[in-house]
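J.: Below you'll find the structure I mean.
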Amino acid sequence: MFDFTSISFCNSTNARTGIFTTPHGLVKTPKFMPVGTLATVKGLSSTQLESTDATMILSNTFHLHLQPGERIIKESGGIHKFMNWHKPVLTDSGGYQVFSLGKLNKISDEGVSFKNPRDGSYLFLSPEKIMEIQMDIGADVSMAFDHCPPHTSTENDIEDSIKRTNLWLERCVKTHIRKDQALFGIVQGGKYPRLRELSAKFVSSFDLPGIAVGGVSVGESIDEIHNVISLVPKFLPSNKPRYLMGIGTLKEISIAVAQGFDLFDCVLPTRLGRHGTALFNNERWNLSNARFRDDFRPIDQSCTCETCKNYSRAYLHHLIRNNELLGLTLISLHNISHVIRFTNAISKAIQDNCFTIDFAPWETSSIAHHTW
Ligand SMILES: [Zn+2]
């Protein structure tokens with residue numbers, strides 16, 4: 001039911017295009033996945049989301065467990081039916097959220113107990129429980145439960161967390177029995193090359209349908225992020241999709257593709273959209289700025305998204321200045337379209353042998369300009 005096939009390879013980097021097969025359709029990689037934490041990509045209907053050329057989207061086990069609870073989603077017929085998205089869905093395990101949002105009470109090999117940030121009640125999550133929740137939610141891809149210590153932790157503490165994450169992965173694999181759902185393992189190890197290698201080799205030793213690299217872009221320096229991106233793929237099997245979690249800036253996406261990563265996600269396009277900021281090439285524009293008041297061009301004349309086809313910068317400026325909901329929807333729609341367009345252009349460039357690590361196809365001097 002799950003398969004990853006490489007289609008073409010770049011002749012100068014480790015970039016590749018591929019097709020990941022899931023029960024709800026094919027994901028052509030490299031691909032950016034929009035984030036819909038609470039079973040909604042904020043501000044967009046599923047029809048609007050579809051118009052951005054999104055295929056796989058992300059949701060979050062931790063948040064859905066707290067609200068509305070997996071029982072409601074299961075009873076509704078699963079997450080695809082619940083949110084009316086009939087293409088692939090991936091649920092993140094919530095490991096990161098448990099450690100960053102929950103007021104922690106106790107972490108042990110057994111699991112994590114913490115205070116529910118919504119109502120202050122005590123909750124306990126174990127690898128088995130996280131698997132059961134994800135099987136109830138019913139996404140195409142579920143993620144293993146991982147221990148994510150802060151990036152400032154010592155090498156010893158991160159090594160302990162990897163041992164725990166490894167133990168938890170074994171238990172996730174044992175508990176996960178849903179055949180129409182893939183389980184991806186997660187490589188951790190912070191900024192330490194030795195620990196990243198250890199973790200990547202351990203996760204690769206399971207014959208899972210895909211592998212993710214987590215704990216990246218959690219506050220560490222950009223050089224440390226780049227080091228992890230270039231180190232880890234060496235230790236991962238080449239016949240499985242590689243998912244770099246939480247990365248969505250164009251520069252980092254092209255660096256990661258050049259190292260052999262295939263899938264990406266980030267809240268940035270929608271978070272910026274909700275603050276009235278539009279993506280243009282590799283720039284960010286604050287549309288509430290007075291310079292857009294009488295600018296009747298679309299955000300990006302070369303963009304074919306619904307926003308750019310139908311609305312002007314002046315109109316969006318007007319909506320943002322007046323806190324109109326439509327403004328946030330239209331800018332989020334453009335921003336998601338923009339990042340997906342970027343990963344689609346990378347695919348085309350790999351096929352045409354003109355992909356480069358500093359990929360900037362909007363520049364007329366770029367050898368990949370035709371892909372934009
Ligand atoms: Zn657009």
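The values are calculated or read from the model by the stated rules, or taken from the named source; none is laboratory data. Treat the numbers as computed from the prediction; the structure is a model and nothing was measured. Cβ: placed from backbone, ideal geometry, glycine included. Neighbour counts: every protein chain shown. All accessible areas refer to the heavy atoms of the entire protein, side chains included, with ligands and DNA or RNA removed. Shrake-Rupley method; radii C 1.70, N 1.55, O 1.52, S 1.80 Å.
J.: Which of the cysteines found in the chain have nothing to pair with, since no other Cys Cβ lies under 4.7 Å from theirs?
T.: Unpaired cysteines in the chain: CYS10, CYS148, CYS172, CYS266, CYS305, CYS354.
J.: Heavy atoms of the protein only, probe of 1.4 Å, neighbouring chains included. What is the accessible area of LYS309 in Å², nearest 10?
T.: For LYS309, the solvent-accessible surface is approximately 120 Å².
J.: GNM, the chain, Cα, under 10 Å: largest mean-square fluctuation among SER142, SER153, SER51?
T.: SER153
J.: Would you work out the relative contact order for the chain, in percent, from Cα pairs under 8 angstrom that are 6 or more residues apart? Don't jump to the answer; show the numbers that get you there.
T.: On the way: 758 pairs, mean separation 65.2, N = 372.
Normalised by residue count, the contact order of the chain is 18 percent.
J.: While we're here: Taking R0 as 45 Å, what FRET efficiency do you get between ALA314 and GLU224 from their Cβ-Cβ distance, rounded to the nearest 0.05?
T.: Details: r = 42 Å, r/R0 = 0.93.
Approximately 0.60, to the nearest 0.05.
J.: Another one. With a 1.4 Å probe and all protein chains left in place, how much of the accessible area of the stretch 129-224 comes from carbon and sulfur atoms, in whole percent?
T.: Working: 1950 of 3770 Å².
Here it works out to 52 percent.
J.: Students often get this wrong, so check it: of LYS163/LYS240; LYS115/LYS201; LYS81/LYS240; LYS201/LYS348, which have C-alpha atoms separated by over 26 Å?
T.: Details: LYS163/LYS240 23 Å; LYS115/LYS201 34 Å; LYS81/LYS240 28 Å; LYS201/LYS348 31 Å.
Beyond 26 Å between Cα atoms: LYS115/LYS201; LYS81/LYS240; LYS201/LYS348.
J.: Let me ask something additional. Using the charge dipole of the chain (Lys, Arg: +1 at Cβ; Asp, Glu: -1 at Cβ; taken about the Cα centre), state which of PHE296, ALA278, HIS370 has its Cα farthest towards the positive end.
T.: About the Cα centre, the residue reaching furthest to the positive side is PHE296.
J.: Apply the Karplus curve 6.51 cos²θ - 1.76 cosθ + 1.60, θ = phi - 60°, to the phi angles in the stretch 52-59 and return the couplings in whole Hz, x for Gly and Pro.
T.: 7, 6, 5, 10, 7, 10, 10, 9
J.: Check which residues have an amide H placed less than 5 Å from THR29's amide H, if you skip close sequence neighbours.
T.: GLY18, ILE19, PHE20
J.: HN-Hα J couplings of the stretch 125-140 from phi, Karplus 6.51/-1.76/1.60, θ = phi - 60°, integer Hz, Gly and Pro as x?
T.: So the Karplus estimates, Gly and Pro as x, are 10, 10, x, 5, 4, 4, 5, 4, 4, 5, 5, 5, 5, x, 5, 6 Hz.
J.: Here is a follow-up. Heavy atoms of the protein only, probe of 1.4 Å, neighbouring chains included. What is the accessible area of TYR315 in Å², nearest 10?
T.: TYR315 has an accessible surface of roughly 80 Å² with all protein chains in place.
J.: Mind checking the stretch 93-134 for trypsin sites (Lys or Arg not before Pro) that DSSP puts in a loop (not H, G, I, E or B) and that have at most 16 other Cβ atoms within 10 Å?
T.: Numbers: sites: LYS103, LYS106, LYS115, ARG118, LYS129; in loops: ARG118.
Taking the stretch 93-134 and a limit of 16 other Cβ atoms within 10 Å, the loop trypsin sites (Lys or Arg not before Pro) found are ARG118.
J.: So for the chain, what percent of the C-alpha to C-alpha distances run longer than 35 Å?
T.: Values: 16110 of 69006 pairs.
I get 23 percent for the Cα pairs in the chain exceeding 35 Å.
J.: In addition: If you average the alpha carbon positions of the stretch 199-264 and of the stretch 54-129, how far apart do those two centres end up, in angstrom?
T.: Between the Cα centres of the stretch 199-264 and the stretch 54-129 lies a distance of 23 Å.
J.: Quick one: 3J(HN,Hα) in Hz for the stretch 66-72, Karplus 6.51/-1.76/1.60 with θ = phi - 60°, rounded, Gly and Pro as x.
T.: Once rounded to whole Hz, the list reads 6, 7, x, x, 5, 4, 5.
J.: Oh, and also: Hey, if we sort TRP168, TRP285, TRP372 by accessible area with the 1.4 Å probe, largest down, what's the order? Don't skip to the end; give the middle numbers.
T.: Working: TRP168 0, TRP285 25, TRP372 50 Å².
Highest to lowest solvent-accessible surface, that is TRP372, TRP285, TRP168.
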